[in-house]
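Only one structure is covered here, and it is reproduced in the block below.
Readers should treat all values here as calculations from the given coordinates under stated rules, not as data from a laboratory. Please read all numbers here as calculations on a predicted model, not as lab measurements. Every residue, glycine as well, gets a Cβ built from its backbone with ideal geometry; the counts of neighbours run over all protein chains shown.
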Amino acid sequence: MREHAAPPPPHVDRFRSEVYGTVFGRRMDVVHRLRAGDALILVPDPPGTDNPAVWVHATGGDVVGHLPYTVSLWLVPWMLDGGRCRGEIERIEPDDVASWKRVIVRVELGM
């Protein structure tokens, strides 16, 4: 048994989430290229990272941003233990919407 085990994933197969950090660097250029239904690559930070996140990448590898830390708290350890998931753009809001509400993704667990 782990000394500091992460919370297990919720009892859901899929969920929706905002993507944070889309305004840094040239990430908005990437966001402007995305469309609803586009596949995404979800990558957890490596073990031992302070405040690990699940990073959201466009199909070509460009960084879009990261999932909220409240999601990453359980999703990173689950993924590092072999859990698999996939992401897809659900919707992209206009630039006048707050950046943390602008990109909404669907995440499917155990695919």
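Computed values, structure above
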| read-out | value |
| --- | --- |
| The stretch 25-74 - residue that is hydroxyl-bearing (Ser, Thr, Tyr) and in contact with a strand residue (DSSP E or B) (Cβ under 9 Å, 6 or more places away or on another chain) and, of those, surrounded by the most Cβ atoms within 10 Å (Cβ to Cβ) | Ser72 |
| Test for Gly48: is it part of a loop (DSSP other than H, G, I, E, B), farther than 23 Å from Leu73 by Cβ and not aliphatic (A, V, I, L, M) | no |
| Tally of residues being of a type outside the set (Phe, Trp, Tyr), farther than 14 Å from Val105 by Cβ and in contact (Cβ under 8 Å) with a residue 12 or more places away in the chain across the stretch 50-93 | 11 |
| Complete set of residues in the stretch 20-45 that are part of a strand (DSSP E or B) and farther than 17 Å from Tyr69 by Cβ | Ala39, Leu40, Ile41 |
